[in-house]
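Readers should treat all values here as calculations from the given coordinates under stated rules, not as data from a laboratory. Quantities reported herein were computed from a predicted structural model and do not represent experimental measurements. Reconstructed Cβ throughout: ideal geometry from the backbone, glycine too, with neighbour counts over all protein chains shown.
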Amino acid sequence: MDRHGVHTSPNIARLAKRIPPGTWDTHMHVVDPDTFPLDAAAQYKPKAHTLDQAQDFLGQLGIRKMVIVQPSIYGNDNSCTLDGLKNLGPKNGRAVIQFDPALTSREQLQQWHDMGVRGRQLCETTRTLSGLSGGH
């Protein structure tokens, strides 16, 4: 393991040789419950997986760019994801976040877009979706 608790392996070096330069990781979660408390309704309580840990792991593969995807455990509080995006900068980061469109202004959407947000994640629970079964 490295300084951030990221596992290393000889297989990673072999894999890194096969990854083209400029590759993006398109689905990375950043979780930092010590700095950004989880949503009270979180269905699970994961260990931390900080931006530093994500960058260390991807760095072993030669990947510097990532899309941070808002984990459901933060609900609509995008603070952790947006903090990670800010720290990555516009050349190396994009994000997919969660929000309630009824409570979100055009100005807020533009601000997020300017930061590098490029999508909205829909996280529906099984309980919410059960009403959509249509009797099947």
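What the phi angles of segment 26-38 give under the Karplus curve with 6.51, -1.76 and 1.60, with θ = phi - 60°, is a coupling list of 9, 7, 10, 9, 10, 10, 9, x, 6, 9, 10, x, 5 Hz, glycine and proline written as x. Have a look at the DSSP beta bridges in segment 10-123 and tell me what percent are antiparallel, nearest 5. Approximately 10 percent, going by the DSSP bridge assignments. In terms of distances greater than 26 angstrom between alpha carbons, the cross-link table entries 17/65; 17/86; 17/91 yield 17/86. The listed peptides 20-29, 104-113, ordered by packing as a protection proxy, come out as 20-29, 104-113 (highest mean of other Cβ atoms within 10 Å first). Taking amide H positions as placed in the peptide plane 1.01 Å from N, state which residues far from residue 50 in sequence (5 or more) or on other chains have amide H under 5 Å from it. HN-HN under 5 Å from residue 50: 31.
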